[in-house]
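Structure, as structure tokens:
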Amino acid sequence: MASSKRRNAHASRYRIVDLFAGPGGLDVAAHWLGIPVHGIEWDDDAFETRNEAGLTTEHGDVRSFGPADFSDANVLAGGPPCQTYTVAGAGSGRRALNEVLAFVKQMAIGVDVTSAIAALEDERTGLVLQPLRWVIESHELGIPYDAVILEQVPAVLPVWEAMGEVLEGLGYKTVCGVLRAEQYGVPQTRRRAILVANRKFAPALPLPTHRPYRKGETITAGVPGLPRWTNMQDALNVVPQGLVRGEFEVVSNYGSGGDPRNRGRRLSHEPSATVTGKISRNRIVGSNGAELPRFTNAEAGLLQTFPHDFPWRGNAISQQIGNAIPPRLGAHVLAAALRLDLNPEFFDEVVRKEWSQSKHGALSGSYAN
């Protein structure tokens, strides 16, 4: 633990401004690493959760702010809304992908694309370009970010790759790719497109810590090398009595691959399917075929790797949970982007800590100054 503290002493040098901060997935990850975050979030419900959790937040629209408003931040992070790009949505963002890529090129040469973005079928599609605006403005102001970290659904990878080229022209070294959440200890098969940029060194995407999930792989399957992915039952059974479940099967209420005729099913000894805003609608069936209570907010949060006592507030809590980046995945990405060390005991400690304890600094002493 002491060696990790020495290697991560420079974590305290960083200050993150998080665009589209949601209920706090990246904040939890950064807190575990000892890095302060100032989030921007317009949604009233997510803001209420953040406020209850003690997370520093600007309640407003990312488009109304810029780097000058957060001049002490040296890391930019963001996970823009994914609804128009996800395969489960209507697909307006995917249809507009070529236009968005053209906007990236125009922004790189100083063209104001504000009116063109406003003319898109769904205004949320253009929000994916806001991080690029912030990066460009930060350079114009002479306060460039040391690092940039962006995440979205896999359909946005071409946008991240195009932005990466622009950032390289501004002096950054970049890397992009799609990560599988279960390969980083998250008990669900969520895939996310990641862009990492750093001005001081060539960043790398985090190395997997677990095997990828393969449908039909049993609990006893043995493959040398990395440990098996984490299953839902184990993820739920690390918490205090009252959230412990036996064997069960989850029957998704949403379509698989965007087709509502395909209902996803996962057993408790498998990782969850992607946790979405509809997780509260999933049916849960016991091993005897009986209907069980549906996932509580705390359980849904655990499948996203939030602390079991994270204080969800406001309405549409399932949507808040589904929209968030899993903190455990976020911690891996942050550590890789900033060259911080995650020792083997890191997650063993943080997942068992109550948020009500850890948010007051019970963990930060182990991983930062």
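What follows draws every value from the coordinates through simple rules; no lab data is involved. All values derive from a computational prediction rather than experimental measurement. Note: ideal-geometry Cβ built from the backbone for every residue, glycine included; neighbour counts use all protein chains shown.
Observations, loosely collected:
- Estimated FRET transfer efficiency (Lys278, Lys105; beta-carbon r; R0 45 Å; 0.05): 0.80
- Take the Cβ atoms of Ala68 and Val178, set R0 to 35 Å, and the FRET efficiency comes out at 0.60.
- Rounded FRET efficiency, nearest 0.05, which uses the C-beta distance separating Ser287 from Arg13 and R0 of 35 Å: 0.10
- Centroid-to-centroid, using Cα positions, region 48-72 and region 135-173 are 20 Å apart.
- Length added when fully stretched, Glu168-Asp112, from 0.36 nm per residue minus Cα-Cα: 18.1 nm
- Relative exposure of Phe65, Phe20, Phe70, judged by other C-beta atoms within 10 Å (fewest first): Phe65, Phe70, Phe20
- Global geometry of region 294-341, whether rounded, prolate or oblate, following the gyration tensor of its Cα atoms and the 1.5 cut on a/c: prolate
- Inter-label distance for Glu52 and Glu349, nm, one decimal - labels placed 7 Å from Cα along Cα-to-Cβ: 2.8
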